[in-house]
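To start, the structure itself, in structure tokens.
Just so it is clear, none of the values below were taken in a lab; they were calculated from the coordinates. Here the structure is a predicted model, which is why all the values come from computation and not from measurement. Every residue, glycine as well, gets a Cβ built from its backbone with ideal geometry; the counts of neighbours run over all protein chains shown.
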Amino acid sequence: MNNPTRESGIPVLTEVIVPSQAAPASAAEPAPPPLAQEEAQPQQQAAAEWDEERWARLERDVRERVLHQVLERIDFVLEQRVRDSLADVLQLAVENLAAEIHSGLHHTVKDVVTRAVTQEISKLQSTKK
């Protein structure tokens, strides 16, 4: 599995890779003159300010992106919960309504049959006399 001879040239995350020494500059390419202390200071300060602006912009972009993703996820989760709760409430309401309709229909049919039987008995008794 772990072949040390094949993988010996591949660095791992814990290794420190030291860059090789740069070749000496050729005579055709003169080295840039060293900056004076006064010249280096504004350049370093400008680079630091640019980095701060860049970091601030990056932070703002990341914050907005994360906020947007969280809000989308919240909307989805909230919608699912509302649907689930609403489905439960509607199911209970339908069951209660069906039970009330069933009970009302049962009473109505019982009353109608009772009246019809009473009327038929009354007719039969009046024809016997």
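Work through the residues other than V117 whose Cβ is under 13 Å from its Cβ and net out their charges, Lys, Arg +1 and Asp, Glu -1. Could the numbers behind the result be given before it?
Values: positive: K110, R115, K123; negative: D111, E120.
Net charge around V117: +1.
Give me the net charge for the shell around S103: Cβ to Cβ below 15 angstrom, other residues only, Lys and Arg +1, Asp and Glu -1. Please report the intermediate quantities before stating the final value.
Details: positive: K110; negative: E95, E100, D111.
Overall, the nearby charge balance is -2.
Could you check the simple spin-label distance between L92 and I121, using points 7 Å along Cα→Cβ, in nm with one decimal?
4.4
Could you calculate the contour length gain from V62 to V112, that is, 0.36 nm times the residue separation minus the distance between their Cα atoms, to one decimal place in nm? Could the numbers behind the result be given before it?
Numbers: separation 50, 0.36 × 50 = 18.00 nm, distance 7.32 nm.
The span from V62 to V112 would gain 10.7 nm if fully extended.
I want to check the label-to-label distance for E100 and I74. Put each point 7 Å from Cα in the C-beta direction and report it in nm to one decimal.
3.7
With θ set to phi - 60°, apply the Karplus curve 6.51 cos²θ - 1.76 cosθ + 1.60 along the range 108-119 and write out the HN-Hα couplings as whole Hz, x wherever there is a Gly or Pro.
5, 5, 4, 5, 5, 5, 4, 4, 5, 5, 4, 5
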